[in-house]
Amino acid sequence: MAVSSTRGVIHPTPMSLPAATVMAAALALIGVATTGCGGNADRPPAAPSQPVPQTAAESTATSAADCSPAGLIVFDGDSLTEGYFLPESQSYPTQAMRQLPAWLEWTNVAVSGQTWPDLLGDATAEVDALHDPARQLNLVVVWAGANDLASGYSARQAFHNARRYCEARVHAGFTVVTLTMYPLEPAAIDPGYDVQRREYNRLLRTHWREFAHGLVDVAADERLGDASPAGRSTYFLDAVHLNAAGYGVIADAVATALRSIVADASRSAP
């Protein structure tokens, strides 16, 4: 199944897999991992549970282990997922989870400055170790690539590593969703970067069904994407990073994709 929108193109789908320069300093801050149970939907927990914290910023009293075990979403990536220079409550994962059922457990393990090779090196311990076969849903949302292209990797190299990451998470038992990359602000600030970014996105759009379950095409969004107007600067903190409103755009697109996947998982639960 595919869902399209002029505010981004979101492609959640069932999948059968084989066994299988200007920006560099701004992209290299220390990240913060956070954990919580998010969402503001009125659906009750799938099983009895004690009250749980929404995020680390909202409560520190209760362990994430108190969340319902019915579903886990792991957000992984670089500063765009970690929420560069903003309160954790304004990051896109937190904003997205407010739109999803409250019984979903979630964690953000993104770290600013990471490349796809960094994510590959960390994922066994930081992501795979969280998988629980007893849950009806174990899902990873991963977004990276900007640091790779800024540090000299080609689009094809970045795509190859993105594919490796996703394939390994699928092999570990996760449903996997990834995202395309929007242009810098202004887009012409680094033409060489933008050529590689567009090629990376082209490769993702062409091949994602081979190694992932969903693609959130933020580069197609009418506010932030390739065809967005000059006024898009209102969504940015700097050439690379978004403000709270910008991350809200990402959150809306991701939540739309995840709602479909969560609903499918709920229907298939015993």
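The values are calculated or read from the model by the stated rules, or taken from the named source; none is laboratory data. Quick caveat, the model's predicted, so the values are computed rather than measured. Cβ atoms come from the backbone with ideal geometry, glycine included; neighbour counts cover every protein chain shown. Keep in mind that these areas ignore ligands, DNA and RNA; they rest on the heavy atoms of the full protein, side chains included. Shrake-Rupley method; radii C 1.70, N 1.55, O 1.52, S 1.80 Å.
In nm, what is the difference between 0.36 nm times the number of residues separating residue 227 and residue 269 and their Cα-Cα distance? Working shown, then result.
On the way: separation 42, 0.36 × 42 = 15.12 nm, distance 4.04 nm.
Gain in length upon complete extension: 11.1 nm.
To the nearest 0.05, how large is the calculated FRET efficiency for residue 245 and residue 206 if R₀ is 25 Å and r is the Cβ-Cβ distance?
Details: r = 31 Å, r/R0 = 1.23.
The computed FRET efficiency comes out at 0.20.
Label residue 234 and residue 188 with points 7 Å out from Cα along Cα→Cβ: what is the distance between them in nm?
2.3
Mind giving me the nanometre distance, one decimal, between the label points for residue 195 and residue 122, set 7 Å out from Cα along Cα→Cβ?
Each label point lies 7 Å from its Cα, and together they span 3.1 nm.
Given just the C-alpha atoms of the stretch 184-234, how large is their convex hull per residue in cubic angstrom? Show your work: numbers first, answer last.
Working: hull volume 3.8 nm³, N = 51.
With only Cα atoms used, the stretch 184-234 gives 74 Å³ per residue.
Provide the three semi-axes, in whole Å and in decreasing order, of the ellipsoid equivalent to the stretch 65-195 as defined by the square roots of 5 times the Cα gyration tensor eigenvalues.
Numbers: eigenvalues 147, 64, 24 Å².
Result for the stretch 65-195: semi-axes of 27, 18, 11 Å.
Within the stretch 94-127, what residues put their amide N at less than 19 Å from the label point 7 Å along the Cα-to-Cβ vector of residue 154?
116-117
What's the local net charge at residue 257, with K and R +1, D and E -1, over the other residues with C-beta under 12 Å away? Walk me through the numbers before you get to the answer.
Working: positive: 259; negative: 217, 252, 264.
The answer is -2.
Tell me the carbon and sulfur percent of the accessible area for the stretch 118-194, rounded to whole percent, probe radius 1.4 Å. Walk me through the numbers on the way to the answer.
Numbers: 1490 of 2870 Å².
Within the stretch 118-194, the accessible surface is 52 percent carbon and sulfur.
Take the stretch 129-226, drop everything but the C-alpha atoms, weight them equally and run the Debye formula without solvent; then report log10 I(q)/I(0) at 0.20 Å⁻¹ to two decimals.
Per q value, in the given order, log10 I(q)/I(0) is -0.95.
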